[in-house]
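Participant: Got a structure here, written out as structure tokens. Questions coming.
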Number of protein chains: 4
Amino acid sequence: MLRTLVRLFLSGAALAIACSGAAAQTAGDDDAQRKADLVTAYRILVNEGILDSFGHVSVRSSKDPNIFFMPRAMPPALVALDDLMELRVADSQPVDPKGRRVNGERYIHGEIYKARPDVMAVIHAHSQAVIPLSLTAIRMKPVIAQAGFLPPETPTFDTRAVRKPGDRGMQVTDSARGAALARSLASYPVALMRGHGEVVVGSSVKQAVVYAAYVDINARMQMQALLLSRDIVTLDAPELFTPEEFDINRPWEHLKQKMLDDAARAKVDRAQFGLDQTQAKR
Amino acid sequence: MLRTLVRLFLSGAALAIACSGAAAQTAGDDDAQRKADLVTAYRILVNEGILDSFGHVSVRSSKDPNIFFMPRAMPPALVALDDLMELRVADSQPVDPKGRRVNGERYIHGEIYKARPDVMAVIHAHSQAVIPLSLTAIRMKPVIAQAGFLPPETPTFDTRAVRKPGDRGMQVTDSARGAALARSLASYPVALMRGHGEVVVGSSVKQAVVYAAYVDINARMQMQALLLSRDIVTLDAPELFTPEEFDINRPWEHLKQKMLDDAARAKVDRAQFGLDQTQAKR
Amino acid sequence: MLRTLVRLFLSGAALAIACSGAAAQTAGDDDAQRKADLVTAYRILVNEGILDSFGHVSVRSSKDPNIFFMPRAMPPALVALDDLMELRVADSQPVDPKGRRVNGERYIHGEIYKARPDVMAVIHAHSQAVIPLSLTAIRMKPVIAQAGFLPPETPTFDTRAVRKPGDRGMQVTDSARGAALARSLASYPVALMRGHGEVVVGSSVKQAVVYAAYVDINARMQMQALLLSRDIVTLDAPELFTPEEFDINRPWEHLKQKMLDDAARAKVDRAQFGLDQTQAKR
Amino acid sequence: MLRTLVRLFLSGAALAIACSGAAAQTAGDDDAQRKADLVTAYRILVNEGILDSFGHVSVRSSKDPNIFFMPRAMPPALVALDDLMELRVADSQPVDPKGRRVNGERYIHGEIYKARPDVMAVIHAHSQAVIPLSLTAIRMKPVIAQAGFLPPETPTFDTRAVRKPGDRGMQVTDSARGAALARSLASYPVALMRGHGEVVVGSSVKQAVVYAAYVDINARMQMQALLLSRDIVTLDAPELFTPEEFDINRPWEHLKQKMLDDAARAKVDRAQFGLDQTQAKR
């Protein structure tokens, strides 16, 4: 029993060290920091219900713009630093797979990095907050004060638009579909994907995460308002904002705090049952 | 106090052993594994809110296709291995009741196994995600990428269609109603039941559980989209998939992980209060 | 620290004893059992979100049909055995207040017990699941299999119907309003109250609690279906059931189990912070 | 490990002392009590989901009506007593910033205190329960018994109404916008803010918090009812109430109890991970 207790608190101590380590590096923006933010992003987005069984997040290397980091094919809830693989922007292929299975939809990320030099992070999620809108001819429009980063109309990408005879499925599993999605996204931070979810991009992992969280809220607010009235007020030009006009650190800290509280509970429970990450992943 | 603490951690250890034991057998598909998956299925479906006070899951024997396993009449949240009974496909009657009360709606399972040799697992749930649709003339259609296993229109079964004079209730408590439900289900993986819930079947417990989870999400997405517009996009033929095109292991692992986290919390609490399964079941 | 730990587990042990004590008396139906069920009912209904800051539950005495038990005016989440007061059916006044503040809406209970000798338990709740329906001319109708105890149309009571010049408020704070509500309820198990909530009555505390839980689900299912289509299927005569046709023990056990799991978490937390019920109530 | 355990329980003990200390002062209404209520208000409103990454609460000084207290710019979930700053009603500027960053929307508070001598507390929140209504021409009306404090129609403020050429954004970041919002609020306890949220004011922190909680419930009930029917019943004159007719202590205690239970869980977790408030705030 004592061993279990010791283990429980040691694992807590280890995480605390990991977290304070991450904190110490916040000022920098090297690849170590980008990867740490990527892991945090996974935890936040799972905790917010934006990532579920599927979905993935990537970050471009700070040292080489032709490289991006993305986890192997695995459940989002379990992503850790050593699951990250290095992929090439040019063809979305791994530099060295080391025997690990690469994600089938990595072309979403590679083709967006190729088309958008300004983008440093890409999120693809199956968010249930945006899917209903994506099934209709209605376009997502900015309606809440914090969604001023959205374009007047967010595009909805549909794989059918580029489907060739014999093509199957709705997933973005080759460069052609990835490039088509990147064209839909254009210079925007968000594109919905019909019946599937969304992509959200940012100049940093933090920005993409905060944008993804507000995309969800904006979509729900717009949908609920549309049920009440077809005549709703959307943001106009002076209400849209540039990245410099919106401090993402506050919502990032808020989202991280919520995640840490919730994750702590789950970890303690897992430890008490003798389950650790390795077993869970088997 | 020490005894309580010891008990708390011993029960945790026991579950950990049970879980790793189950893991060791994953490769196989014998009856021990099928029964273990059945118990896990109950926990996942309760955790997802798909099973509540009622609902049941069964699995066909790997040794004898004329036999299936199903728990005695009891709250789904408490089902354990030793609650499973052996029933005959021929008449939905127990091989040997051993004094235990058999489930009143076992005919759902028996008649589907009789009509569908391909089916190895049957779920009947009272899911609140599908009931509203089942009350209308609208049919569930596949709208999300992961619901490509659905037929273009999911049938809604209504006991009234086979009700004889003097018949009462909406439950499927005899072979005639079970056979009628199986006819509605036809060769599909899902049928809704008007005002009642759904049946979901699969070639394995895992497949049926994953399908049931996506039935819920698909129904909610379709309903929300229909409130926005009567003209919504549903999956077309090249977007529907065969079982081989959809890896159920990822969502199964995701759902199990969520369940283990949540269950751990509840168990620890229960143990601290001196309540164990036996007492809870009284 | 050890003292805190000891206290934590002792309080757990005390509850376990209380619970097993309650279990031992389940067979009987004396006032001790009725009061124990009443306290359990409060915990279940708070846990289900049916009771919030307000709302109350009462039970008629098994020894004297002219007496009922109901807690003093207090937050529902904190009700314990020694908060129960004895009130007269005749005038809804306490037999002996012992300095405790009596509930302002006790007339709901007194007048229903007076009009309905078959009723042994009364629940008044401000359930957010039924309030939207109560604001419209739409009547709640049974749509789910487990709501076969509902009448074809559930009445919605409105205090305005009996409001006299100078009367204020919507609460049932005198015998006249209580009697009017009892007349609306007629021989039914449920009446909605416009903009306010509902009353649910039963032949036992357990029955009233299970009915209240299904009233919530039925209302949500009916409302969601009505948004999809104005033409929905409701239960017909052979689908309505008598109390003998519906085993309430299964849902009662399910609801209690959920409550015990959740309550355990909260109590442990509270104990760890040195807060106990007495302090919380101040 | 022992140190961690000791720390865990010491922090629990400290909170218990803080809470009982607060309790001892309940009778009074000095600045110490007002500030303690303000911190409690933050915790309750975060716990209810009314405050998220943004939003703020203030209280007027009991000693000097020209001064109000409000936290520095920070995530609402982390506000503690020593984060409170002293601001002037006259110009919404801090008496002595002590190097801390002041909140950008403090003009909401200052201008309302200036226009409304009766107001002792101001809440500004981005509540997702009211935003959909605020996007339409529909006005919030009182529909539930506990919302009798609302005017027959709650105003919706829109910054556009006072926007000057070159003005950007929707935030209330100067005295002119603050004064315009105060004019919209008029003598009411609530005003919605288009696409943004709401302000709720009260004669005490407790009253404003309880009102804010019922604003949320009322908005959700009204919206859900409007989806069912455009013809809904709203409270009429004899159903609206004065502050004296509504005991806010019961809902305040209920909300605080819920918050303490939930907060306890999170704190224990945080402590076990070696994270304390200071680290979290970095």
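The values are calculated or read from the model by the stated rules, or taken from the named source; none is laboratory data. These numbers were taken from a predicted model, which means no experiment stands behind them. Note that each Cβ is placed from the backbone with ideal geometry, even for glycine, and that neighbours are counted across all protein chains shown. To get the accessible areas, we keep the full protein, side chains included, count just its heavy atoms, and leave off ligands, DNA and RNA. Shrake-Rupley method; radii C 1.70, N 1.55, O 1.52, S 1.80 Å.
Participant: What ³J(HN,Hα) values, in whole Hz, does the Karplus curve 6.51 cos²θ - 1.76 cosθ + 1.60 give for segment C:152-163 when θ = phi - 60°, with x put for Gly and Pro?
Facilitator: Karplus values, whole Hz, x for Gly and Pro: x, 9, 7, x, 10, 7, 10, 4, 4, 4, 10, 6.
Participant: How many partner chain Cβ atoms sit within 10 Å of a residue's Cβ in peptide A:134-142, on average, as a whole number?
Facilitator: 4
Participant: Another question about this same structure. What's the Kirkwood radius of segment A:192-231 in Å, using all Cα pairs?
Facilitator: Evaluated over segment A:192-231, this radius sits at 11.4 Å.
Participant: Show the residues, 5+ positions off or on another chain, whose built amide H is closer than 5 Å to the amide H of B:A73.
Facilitator: Amide H to amide H, under 5 Å and 5 or more residues apart or across chains, B:A73 pairs with B:R101, B:V102, B:N103.
Participant: Report the FRET efficiency, 1/(1 + (r/R0)^6), for A:V102 and A:S62, where r is their Cβ-Cβ distance and R0 is 30 Å, rounded to 0.05.
Facilitator: After rounding to 0.05, the efficiency reads 0.85.
Participant: Rounded, prolate or oblate: which fits segment A:77-159 when a ≥ b ≥ c are the square roots of the eigenvalues of the alpha-carbon gyration tensor, with rounded for a/c under 1.5 and prolate only if a/b beats b/c?
Facilitator: prolate
Participant: Return the average number of partner chain Cβ atoms within 10 angstrom of each residue Cβ along peptide B:112-124.
Facilitator: Rounded to a whole number, the mean comes out at 0.
Participant: Here is a further query. Starting with the highest mean, order C:222-229, B:242-249 by the number of other Cβ atoms within 10 Å, averaged over the residues of each peptide.
Facilitator: Ranking, from highest mean packing down: C:222-229, B:242-249.
Participant: Summed for both chains, how many Å² of accessible area, to the nearest 100, are buried between D and A with a 1.4 Å probe?
Facilitator: Chain pair D/A: roughly 4100 Å² of buried accessible area.
Participant: If you don't mind, there's one more thing I want to ask. Treating the point 7 Å from Cα along Cα-beta-carbon as the label, what are the nm separations from A:G49 to the other copies, to one decimal?
Facilitator: 0.7, 0.7, 1.0
Participant: When ligands, DNA and RNA are left out and all protein chains stay put, how many square angstrom of accessible area per residue does segment D:35-112 have with a 1.4 Å probe?
Facilitator: Normalised by residue count, the accessible surface of segment D:35-112 is 35 Å².
Participant: Here is a follow-up. Tell me, what is the FRET efficiency for A:A186 and D:R168 to the nearest 0.05, using R0 = 22 angstrom and their Cβ-Cβ distance as r?
Facilitator: For A:A186 and D:R168, the calculated efficiency is 0.40.
Participant: Convert each backbone phi in segment A:219-234 into a coupling constant with the Karplus relation 6.51 cos²θ - 1.76 cosθ + 1.60 (shift: θ = phi - 60°), then list the ³J(HN,Hα) values in order as whole Hz, x for Gly and Pro.
Facilitator: 4, 5, 5, 4, 5, 5, 5, 5, 6, 7, 7, 7, 10, 10, 8, 10
Participant: Could you sort the residues of segment D:46-71 by number and keep only those whose accessible area is reduced by 30 Å² or more in the all-protein-chain setting relative to the chain alone, 1.4 Å probe?
Facilitator: So the qualifying set is D:D52, D:S53, D:F54.
Participant: Once you treat every alpha carbon in segment B:23-87 as an equal point and sum by Debye, what is log10 I(q)/I(0) at q = 0.16, 0.20, 0.23, 0.24 Å⁻¹?
Facilitator: After summing over all Cα pairs, the log10 values are -0.51, -0.76, -0.96, -1.02.
Participant: Along Cα-to-Cβ, 7 Å out, sits the label point; list in nm, shortest first, how far the one on D:K164 is from those in the other copies.
Facilitator: Label-point separations across copies, in nm and ascending: 6.0, 6.0, 8.5.
Participant: Hey, another quick one. Considering the options C:W252, C:P238, C:A179, tell which one lies farthest towards the positive end of the dipole of segment C:151-268, charges being +1 on Lys and Arg and -1 on Asp and Glu at the Cβ, about the Cα centre.
Facilitator: C:A179
Participant: Next up: Across peptide A:228-237, how many C-beta atoms of other chains are within 10 Å of each residue C-beta, on average?
Facilitator: So the per-residue partner count for this stretch is 5.
Participant: Using a basic spin-label model with each label point 7 Å from the Cα along Cα→Cβ, how many nm lie between D:E244 and A:T242?
Facilitator: Distance between the two pseudo-spin positions: 5.7 nm.
Participant: Separate question: I'd like the Karplus ³J(HN,Hα) series for segment D:54-71: coefficients 6.51, -1.76, 1.60, θ = phi - 60°, whole numbers in Hz, and an x wherever there's a Gly or Pro.
Facilitator: So the J values, rounded to whole Hz, are 10, x, 7, 10, 9, 9, 7, 5, 7, 8, 9, x, 8, 10, 9, 10, 7, x.
Participant: Now for a separate question. At B:P117, label 7 Å along Cα→Cβ: distances to the other copies, nm, ascending?
Facilitator: 6.4, 6.5, 9.1
Participant: From the P(r) of segment C:106-243, could you give the percentage of C-alpha pairs in the tail past 26 Å?
Facilitator: Summing the P(r) tail past 26 Å for segment C:106-243 gives 20 percent.
Participant: OK, next. Name the chain A residue nearest the rotation axis between A and C, going by Cβ position, and give the distance in whole Å.
Facilitator: Per the A/C rotation axis, the closest residue of A reads A:L227, 4.
Participant: Counting only C-alpha contacts under 8 Å and six or more residues apart, can you give the relative contact order of segment A:178-232 as a whole percent?
Facilitator: Dividing the mean separation by the residue count of segment A:178-232 yields 15 percent.
Participant: Take the Cα of C:R160, step 7 Å along the line toward its Cβ, and report every residue of segment D:137-168 whose backbone nitrogen sits under 20 Å from that point.
Facilitator: Counting backbone N atoms under 20 Å from the label point, the list is D:139-154.
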